[in-house]
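Colleague: Below you'll find the structure I mean.
The values are calculated or read from the model by the stated rules, or taken from the named source; none is laboratory data. Keep in mind that what you see is a predicted model, and the values were worked out from it rather than measured. Cβ sites come from the backbone with ideal geometry, for glycine too, and all protein chains shown count toward neighbours.
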Amino acid sequence: MDRIGFYRGELDVSSGGVAPYADRLLRAMQHHRFGGMEVSVLGGKPVRDELRSAGAGLGDAAELRGGGFVWRKVRRNGLFRRILFHSADCLYHFMHPRGFGRRAPYRGWLSRLHCDLRYDLLHFPFQLPPRLTFRCPFIVTMHDVQELHFPEFFTPEDRALRAELYWGSISQANRVVVSFDHVKEDLLRYFRLPEERVVVLPVPYSECGFSESGYSDEKEASEKYGEFGRYYLYPAQTWRHKNHLGLIEAFERVRSEYSGRLDLVCTGVKNEYYEEAIRKRVERSPVGDSIHFLGVVSSAELKWLYCNSLSVVVPSLYEAGSFPLIEAMQLQMPVLCASTTSLPATIGDERFVFDPRDVVQMGSMMLRMAVDDGYRQLGVENSRMRTEEFRQIKVGPIVEELWRSTLEQSRTKL
């Protein structure tokens with residue numbers, strides 16, 4: 001039986017879309033029957049609450065044996081967990097060699113022995129594995145190479161570091177996973193990777209929805225955000241490429257032509273760029289009292305904000321893949337999005353696509369959403385149709401084929 005280690009690690013909301021991607025890929029794998037494989041979910045800390053509430057009762061680690069996931073709750077007994085999943089702990093401690101007090105001895109040859117001999121293949125759902133040398137084959141996921149398209153958004157030091165680390169990662173990995181063809185084209189062009197080493201694994205669309213909200217959740221969200229009235233929603237961390245400044249300018253144009261009340265609501269991590277530029281831009285805006293940056297909200301609150309919005313707007317200058325776009329469509333909400341990277345192919349209808357650098361066009365389409373009920377209904381129908389198409393995409397069989405072909409290729413070379 002082949003032993004696969006899926007390293008979930010410590011990713012959280014500050015990692016942007018990478019953490020939701022890893023969690024949703026795991027959920028998608030639950031629905032597939034992997035024959036002849038034992039899959040362990042590895043990480044140095046307990047897997048996040050979102051996974052534990054996915055219906056499987058996930059604790060600190062999990063194994064998949066042939067017919068499906070067998071979840072083992074071991075959080076309440078630390079000693080038992082360390083014995084049963086000793087290799088997972090060693091893998092983590094070896095990769096993160098600082099600050100582990102009494103567990104420091106695990107950092108040495110014993111940890112290397114366990115992580116390399118325990119698993120036949122390691123899969124990392126992010127760009128940089130905690131270390132680059134493994135005796136077993138491993139897979140990394142390159143979500144984007146944005147710095148090659150927008151170098152002005154990065155310092156020279158950041159660009160140099162990314163170039164070194166990303167090349168080290170993808171040059172050592174047996175396979176490199178991407179979610180969209182445009183990322184694969186970048187890797188072939190800029191890093192000159194052999195085409196057979198880059199595999200397009202679609203986003204786990206079927207796992208991008210929300211769980212059912214209870215009455216109390218909806219009531220609480222309504223009391224908290226009901227004052228907004230009609231509003232546009234943009235859920236995104238405040239990175240430069242997310243183009244919040246362009247959205248604010250477009251919203252100002254809408255407000256200058258619309259007689260009623262409209263609000264702009266933005267959710268997501270407020271990083272240093274928010275303080276550096278966005279907050280100041282809102283403060284000097286003539287409609288600043290109608291622009292709301294809420295920060296991180298709960299899943300139930302975000303769902304409520306989606307469902308009660310006038311429209312979701314995604315004006316990003318670069319997207320490897322947009323979960324807000326997918327989530328909004330799954331809730332059958334109308335969406336407007338930029339004409340960049342994967343966004344047009346995801347929304348699938350050019351009537352709802354704009355040039356993110358053209359705030360006049362963006363504002364015009366936002367205004368139309370507010371005044372043209374027929375146009376808005378077309379957006380709702382497009383979201384419904386696209387969601388039905390996405391539900392036909394099954395990620396589990398693609399992951400299994402990726403693992404099997406990588407193992408076969410590595411064994412052929414021996």
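Colleague: So which residues in the range 370-393 are at pLDDT below 95 and in contact with a Pro (Cβ under 9 Å, 6 or more places away or on another chain)?
Modeller: Selection gives 390, 393.
Colleague: Something else: If you go through the range 166-176 one residue at a time, do you hit one that is in a helix (DSSP H, G or I) and either among the basic types (Lys, Arg) or touching a strand residue (DSSP E or B) at 6+ places or on another chain (Cβ under 7 Å) (or both)?
Modeller: For the range 166-176, residues in a helix (DSSP H, G or I) and either among the basic types (Lys, Arg) or touching a strand residue (DSSP E or B) at 6+ places or on another chain (Cβ under 7 Å) (or both): present.
Colleague: Do you know which of the residues in the range 262-318 that are closer than 17 Å to residue 237 by Cβ and of a type in the set (S, T, N, Q) is surrounded by the fewest Cβ atoms within 10 Å (Cβ to Cβ)?
Modeller: Looking at residues that are closer than 17 Å to residue 237 by Cβ and of a type in the set (S, T, N, Q), I get 298.
Colleague: Still on this structure, I have one more. Given the options 407, 367, name the one that is in a helix (DSSP H, G or I), under 30 Å from residue 36 (Cβ atoms) and either aliphatic (A, V, I, L, M) or at pLDDT 95 or above (or both). Give the steps one after another, and end with the answer.
Modeller: Numbers: 367 fails: under 30 Å from residue 36 (Cβ atoms).
Answer to the selection: 407.
Colleague: Quick one: in the range 124-145, of everything that is modelled with pLDDT under 90 and among the polar types (S, T, N, Q), which residue is nearest to residue 10 (Cα to Cα)?
Modeller: In this case the residue turns out to be 127.
Colleague: Testing residue 178 on (1) among the β-branched types (Val, Ile, Thr); (2) farther than 23 Å from residue 4 by Cβ; (3) in contact (Cβ under 8 Å) with a residue 24 or more places away in the chain, one condition comes back false. Which one is that?
Modeller: The one condition residue 178 does not meet is (2).
Colleague: Then there is this: Filter the range 198-239 down to residues that are in a loop (DSSP other than H, G, I, E, B), free of Cβ contacts under 8 Å to residues at least 12 places away in the same chain and under 30 Å from residue 277 (Cα atoms), then give me how many there are.
Modeller: 0
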